[in-house]
Amino acid sequence: MALESSRLAFERARRSIGGGVASGLRLAMRPHPLYVREARGAHVWDLDGDRYLDYVMAWGPMLLGHSDPRIIEAACAAAARMQVVGTGHALEYLAAEAVLDAVPHGQRLLWSNTGTEAVQIALRLARAATGRRRVVKFARSYHGWHDSVYAGLADTDTDRAPALASKGQTPSVLDDLVIARFNDIAMAERLLAEAVERDIAAVLVDPIMSNGGVEAPSAEFLPALRALCDRHGVVLVFDEVIAGFRIARGGAAEKYGVHPDLSVFGKAIAGGFTQSAVVGRADLIDQVTDGVVHAGTFNANPVALAAVEATMRVLADPEVYLALERVSEEFENTVGAVLASAPGRGSLNRVGSLLQYVPDGGATGLHGTGGPWSHILDGMLHHGFLFMPSGKVFLSTAHTPADIDATADALDKVLRQL
């Protein structure tokens, strides 16, 4: 893999784009961001024409692989009829009905464009319903780049005043955050027992810590949060931007049997197109007719919603999730065995088709994971396998057992060279 065209493209991009990338985390790619000209199935092709087996999958959305013809045909048909129109259109409710049919607690939804936006809408709804302002989030969880939730990204942030995570961030909004520890029921009980005194409106939780090491909830944790929120008049919000539709058709509510008041969905909802949604209780959502402002020129654009409807149609087939589980389990077993054969090289966490490389010591990170991962990342790239700096691994229905075997063989070679 020469990577020369990507290097030159990156140099050119830095002359016109801040940092040379459209999303800041892509700067963590090593040795520099990869530039692709085509993506199909489980592969991408770079500007040199070299092919890579892709485990980035657009940082999560491509549950069905790149350029799935069922999604592309629906989106192209919609684009040929109209683009953004500024009026209502049938796809608004057709796609909404398809999503609500999939989500167990879905009574109503609001359309938005990105996960970051949708999280903010969900929190606004919670604050309006409770008359309170603070939000409990969990250390290491990421809920978008917005000032009001971009904090508490390290274990050491637990149960203390949140620290700024970016230059230029507004310090005053962090007073609205309370940082708890994931899977710590005792801490949640203590914090929520003081919900009125602490002015707590919502608990915001990623049910599987998608950006915090892919840590599954204990059997008692989500039910405890549900009971505590009910007891103390707090709105329970699941951030399922990554997990939603990936770990189950009905998301975390289906997988774990706990229904939040609101869920935020994104990424996989539209099969590779830009779309997000806040889904949940009708009384909370319907506050938009009684003083809660929800707006956006590109909300519910026809092309993206055609992709949503098509994606929901595909995901209604149970075989999709059976296939995802088979290939994900194969990755965990086969690639995990290679890691296990090399002491000190780390292991894998897995929830469904989302996996996380975990170095010895357990230090994973949103911006990059420690241990030998950076060397593995670089070595695998030069063998034609694309992974993320954070160590997350996204599987899709386009990945095959042969792909997994090839990945394991390449990893074995890379580990022998470390």
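The values are calculated or read from the model by the stated rules, or taken from the named source; none is laboratory data. Computed from a predicted structure; not experimentally measured. All Cβ positions, glycine included, derive from the backbone under ideal geometry; neighbour counts span all protein chains shown. Side chains included, ligands, DNA and RNA excluded: accessible areas come from the protein's heavy atoms. Shrake-Rupley method; radii C 1.70, N 1.55, O 1.52, S 1.80 Å.
Over 30 Å from residue 198 (Cβ atoms), open to solvent by less than 50 Å² (accessible area, probe 1.4 Å) and in contact with a Lys or Arg (Cβ under 8 Å, 6 or more places away or on another chain): which single residue out of 90, 79, 98, 74 fits that description?
Exactly one residue qualifies, and that residue is 98.
When the range 249-291 is examined, which residues are found to be touching a residue at least 60 places away in the same chain (Cβ under 8 Å), surrounded by 21 or more Cβ atoms within 10 Å (Cβ to Cβ), not in a loop (DSSP other than H, G, I, E, B) and not β-branched (Val, Ile, Thr)?
Hits for the range 249-291 are 251, 253, 262, 263, 265, 267, 268, 270, 276, 277, 280, 284.
Does the range 107-116 contain any residue that is more than 22 Å from residue 194 (Cα to Cα), open to solvent by 20 Å² or more (accessible area, probe 1.4 Å) and touching a Pro at 6+ places or on another chain (Cβ under 8 Å)?
No: the range 107-116 contains no residue that is more than 22 Å from residue 194 (Cα to Cα), open to solvent by 20 Å² or more (accessible area, probe 1.4 Å) and touching a Pro at 6+ places or on another chain (Cβ under 8 Å).
This table checks each residue for (1) outside any helix (DSSP H, G or I); (2) modelled with pLDDT of 95 or more.
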| site | (1), (2) |
| --- | --- |
| 100 | no, yes |
| 124 | no, yes |
| 127 | no, yes |
| 137 | yes, yes |
| 175 | no, no |
| 187 | no, yes |
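Could you check the range 33-66 and list, in sequence order, the residues that are on the phi > 0 side of the Ramachandran plot and in contact (Cβ under 8 Å) with a residue 40 or more places away in the chain?
41, 57, 58, 59, 60, 65, listed by residue number.
Please state which one of 369, 400 is β-branched (Val, Ile, Thr) and either crowded, with 19+ Cβ neighbours inside 10 Å or modelled with pLDDT under 95 (or both).
When all the criteria are applied, what remains is 369.
Provide a single number: the residues in the range 117-138 that are over 16 Å from residue 188 (Cβ atoms) and either crowded, with 22+ Cβ neighbours inside 10 Å or not hydrophobic (A, V, I, L, M, F, W, C) (or both).
15
Hey, can you tell me all the residues within the range 372-410 that are closer than 19 Å to residue 321 by Cβ and either part of a helix (DSSP H, G or I) or polar (S, T, N, Q) (or both)?
396, 397, 400, 401, 403, 404
Can you name the number of the only condition in (1) touching a residue at least 40 places away in the same chain (Cβ under 8 Å); (2) farther than 30 Å from residue 272 by Cβ; (3) part of a loop (DSSP other than H, G, I, E, B); (4) of a type in the set (A, V, I, L, M, F, W, C) that residue 182 fails?
Only one criterion in (1) touching a residue at least 40 places away in the same chain (Cβ under 8 Å); (2) farther than 30 Å from residue 272 by Cβ; (3) part of a loop (DSSP other than H, G, I, E, B); (4) of a type in the set (A, V, I, L, M, F, W, C) is unmet by residue 182, namely (2).
If residue 391 satisfies every condition in (1) at positive phi; (2) surrounded by fewer than 22 Cβ atoms within 10 Å (Cβ to Cβ) but one, which is the exception?
Of everything listed in (1) at positive phi; (2) surrounded by fewer than 22 Cβ atoms within 10 Å (Cβ to Cβ), residue 391 misses just condition (2).
Out of curiosity, is residue 223 buried (at least 20 other Cβ atoms within 10 Å of the Cβ) and at pLDDT 95 or above?
Criteria not met by residue 223.
Under the condition of being within 22 Å of residue 222 (Cβ to Cβ) and polar (S, T, N, Q), which residue from the range 139-196 is most open to solvent (accessible area, probe 1.4 Å)?
My answer is 183.
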